[in-house]
Amino acid sequence: MKRNISLAIMAAVCTATMAQQTITVSVSNPMKTARKDQPVVIPLAQYGDVRSALVTTAGGETPCQLDDLDQDERYDELCFLADLNAGESRQYSVTLYNEGEPRPYPARVYTEMLMRNDKVKEKNRHNNYIESITARGDCANSYNLQHHHGVDFESELNGIRIYFDKRQTIDLYGKFKKRLELKETQFYTSAEQKTQGYGDDVLWVGNTFGLGAFRGWDGHEPTMIDPVRSRTQRIISYGPLRTIVEVIDRGWTAPHPTPNAQRPTPITMTLRYTQYAGHRDTDVDVSFDRDVSDYRFSTGIINVKGSQEFTDKKGLRACWGTDYPSTDTVKWKRETVGLAICIPQRHIASEEPANKDNYAYVVKTEGSHMSYKISYTSANEEFGYHSAREWFDYLKAWKRELEQPIKVETR
């Protein structure tokens, strides 16, 4: 009997040991300036079936997040945000468990998809929440399928929606205060909310790039993402530290650069947008189902009416301008915004001259993937930038940070 009890105790100890594993993550800042909310991402494939996690540093708990990127009910990545002084190195202890649920933390980001509810009259109180939607390529009006025309997401500093149609344009919400607002306003701010200091739509986009929409290129001008076999928007992660949303274009017959080429085989493209807490910039990752190195694509930013342009001729391009965010110039006031896009030079085929619509780039992939970043500010912000000079100076510092990422080592 004693032997059986001892074996049971040993089994319990082994099970408890197997239920968790701890790794040390060293994070260092190579810059001579302090940095906040720096994303630290740990791939989890080598650690088995992780179900929950705890991150600590200097005896305190650090909020973390587990994400299932491929939607197979297994977590693929853990992320947390690091605050580092100039030149600082900091160690984090990460404990991974193969049981339990992710720990709850205060939300610092938000995302939603909504279908209209005909019984709800207020435009900011619809409640038919969805997580994914797919429209066939011959859908007559996919733009109006969703309540605010496409998935939206935000950090405390920004707010974005992506139109669910062939434009896939990125439209912008400008804030006065640093906080989350889209759950309350749903991109349709009421008069009462405006008196309370809530923000609103601040950009008219039309058929332009808006803020960094990804398009085809026919050798002369950008083309829409059309025709496609189907178009999907879906939410991959809700937070609390980052939102991840995807736009999937299946069977896209994109323009092929070779003159008189045989009709190209349709390609499938996935656009992944990642929004981190504390960031006004957004990560854009573009992936294809095959090598498309011989194709050319396009992206850029809208040429806001009368805007000032900035370019470093090395992948950073921006503008500062003022225009109405709607064709209704009675109901809406003119809004001043600063826009920016930053593309690694290896992906740039050419920087196109500005025209009445866009500041455009022709871009190329490395095999089947490329990535870039987009950012913006609204002059309404109490916490932001209020002149072209301030905005452009900020962007130069932003790019220096992008070129000197924090260093992460695990053991």
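The values are calculated or read from the model by the stated rules, or taken from the named source; none is laboratory data. This structure is a prediction, so every number in the text was calculated from the model and none was measured. In this analysis, Cβ positions are derived from the backbone assuming ideal geometry, glycine residues included, and neighbour counts consider all displayed protein chains. These accessible areas exclude ligands, DNA and RNA; they are computed on the full protein's heavy atoms, side chains included. Shrake-Rupley method; radii C 1.70, N 1.55, O 1.52, S 1.80 Å.
Points to keep in mind about this one:
- Segment 317-342 residues that are under 11 Å from Y376 (Cβ atoms), paired with ones that are in a loop (DSSP other than H, G, I, E, B) and of a type in the set (V, I, T) (beta carbon under 8 Å, 6 or more apart): C319/V304; W320/V304; V337/V202; V337/V304; L339/V304
- Conditions (1) aliphatic (A, V, I, L, M); (2) buried (at least 16 other Cβ atoms within 10 Å of the Cβ); (3) assigned to a loop (DSSP other than H, G, I, E, B); number of the one not met by V330: (2)
- Filter pass, E401 being assigned to a helix (DSSP H, G or I), in contact with a strand residue (DSSP E or B) (Cβ under 9 Å, 6 or more places away or on another chain) and open to solvent by less than 70 Å² (accessible area, probe 1.4 Å): yes
- Among residues of segment 125-180, those that are more than 30 Å from P39 (Cα to Cα), among the hydrophobic types (A, V, I, L, M, F, W, C), touching a residue at least 60 places away in the same chain (Cβ under 8 Å) and assigned to a loop (DSSP other than H, G, I, E, B), counted: 1
- Looking only at segment 188-210, residues that are assigned to a loop (DSSP other than H, G, I, E, B) and within 23 Å of S307 (Cβ to Cβ) come to 9 in all.
- Residue in segment 355-374 that is surrounded by the fewest Cβ atoms within 10 Å (Cβ to Cβ), counting only those that are aliphatic (A, V, I, L, M) and under 15 Å from D218 (Cβ atoms): V362
- Total residues in segment 79-106, condition loosely packed, with under 15 Cβ neighbours inside 10 Å and under 23 Å from the mean Cα position of the chain (by Cα): 2
- Selection from segment 205-256 of residues that are among the basic types (K, R) and crowded, with 21+ Cβ neighbours inside 10 Å: R215, R231, R242
- Hits in segment 162-188 (condition: charged (D, E, K, R) and open to solvent by less than 10 Å² (accessible area, probe 1.4 Å)): D171, K175, E181
- Failed item in (1) part of a loop (DSSP other than H, G, I, E, B); (2) open to solvent by 50 Å² or more (accessible area, probe 1.4 Å), with V304 passing the rest: (2)
- Test: residue in segment 355-366 that is part of a loop (DSSP other than H, G, I, E, B), under 30 Å from P43 (Cβ atoms), touching a residue at least 40 places away in the same chain (Cβ under 8 Å) and in contact with a strand residue (DSSP E or B) (Cβ under 8 Å, 6 or more places away or on another chain): yes
- With a requirement of 3 or more residues that are among the hydroxyl-bearing types (S, T, Y) and at pLDDT below 95, none of the strands (runs of 3 or more DSSP E) lying completely within segment 1-98 satisfies it.
- Test result for Q345, closer than 18 Å to L395 by Cβ, under 22 Å from the mean Cα position of the chain (by Cα) and open to solvent by 40 Å² or more (accessible area, probe 1.4 Å): yes
- Taken over segment 216-243, the criterion of being of a type in the set (A, V, I, L, M, F, W, C) and within 19 Å of S287 (Cβ to Cβ) is satisfied by W217, I225, V228, I235, I236.
- Residue in segment 134-141 that is within 21 Å of T243 (Cβ to Cβ) and surrounded by fewer than 22 Cβ atoms within 10 Å (Cβ to Cβ) present: yes
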